[in-house]
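What follows is one structure encoded as structure tokens, with my remarks underneath.
The values are calculated or read from the model by the stated rules, or taken from the named source; none is laboratory data. Quick caveat: nothing in here was measured; it's all calculated off a predicted structure. Backbone-built Cβ (ideal geometry, glycine too); neighbour counts: all protein chains shown.
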């Protein structure tokens, strides 16, 4: 089985073959570019910057893209440098995350001097928090009482809330950690909620603990309360 680095090396070589001089940069971002990477549940997220994003040009990468798809990692994101700069106002969370945790696999760092407007970041953070809360409520109704399904729901929501809480902290002028446990502790202190529910789900996600049926209602209640408090604070900014 190929290692993480072997997969990335093969992807870069394939992209270089496909695009030649039109390939500007290949950038690994997310948990795989930080100390949060875990081989069992972390994806390899890749940003590919090309000089020309016309469809017939992108089609050159069909073979390496099909191979990459078989590795069960997300498809690379294809941008031109100008598209990155012009879309930073609608994807401020995503590009901020890339800036915070990325590694250059090929070319130059096109993220280094990208400016993220705090106003745009606030809008997206609140929008995403409210959307995730509504989704969590709806899905909770479907899995209430089912320990296995409820555990899966909580574990799957953890990464999204870690990202959003980290950016909420940033908007409040606090340092934004990359380690999930530290994010939840800092958010609990700043937004006045008990982070124990999130920390407990972290241990469940790592396979160190299993939830009990009698724990579910309290755990979800703490989740909902925490998200509400963060939304209220961000809404008031």
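Observations, loosely collected:
- Of all residues in region 200-216 being within 16 Å of residue 147 (Cβ to Cβ) and touching a residue at least 24 places away in the same chain (Cβ under 8 Å), the one that is surrounded by the most Cβ atoms within 10 Å (Cβ to Cβ): 201
- Residues of region 166-186 that are more than 20 Å from residue 119 (Cα to Cα), in a helix (DSSP H, G or I) and touching a helix residue (DSSP H, G or I) at 6+ places or on another chain (Cβ under 9 Å): 180, 181, 183, 184, 185, 186.
- The listed residue being more than 25 Å from residue 125 (Cα to Cα), buried (at least 18 other Cβ atoms within 10 Å of the Cβ) and in contact (Cβ under 8 Å) with a residue 24 or more places away in the chain, out of 104, 84, 93, 64: 64
The rows are residues; the columns are (1) crowded, with 17+ Cβ neighbours inside 10 Å; (2) closer than 17 Å to residue 97 by Cα.
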{"residue": "137", "(1), (2)": "no, no"}
{"residue": "140", "(1), (2)": "yes, no"}
{"residue": "144", "(1), (2)": "no, no"}
{"residue": "160", "(1), (2)": "no, yes"}
{"residue": "165", "(1), (2)": "yes, yes"}
{"residue": "171", "(1), (2)": "yes, yes"}
{"residue": "179", "(1), (2)": "no, yes"}
{"residue": "190", "(1), (2)": "yes, no"}
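- Test: residue in region 128-137 that is more than 25 Å from residue 233 (Cα to Cα) and either assigned by TED's automatic domain parsing to the domain that holds residue 32 or modelled with pLDDT of 95 or more (or both): no
- Of note, residue 125 does not satisfy the criterion of being more than 19 Å from residue 178 (Cα to Cα), surrounded by 17 or more Cβ atoms within 10 Å (Cβ to Cβ) and touching a helix residue (DSSP H, G or I) at 6+ places or on another chain (Cβ under 7 Å).
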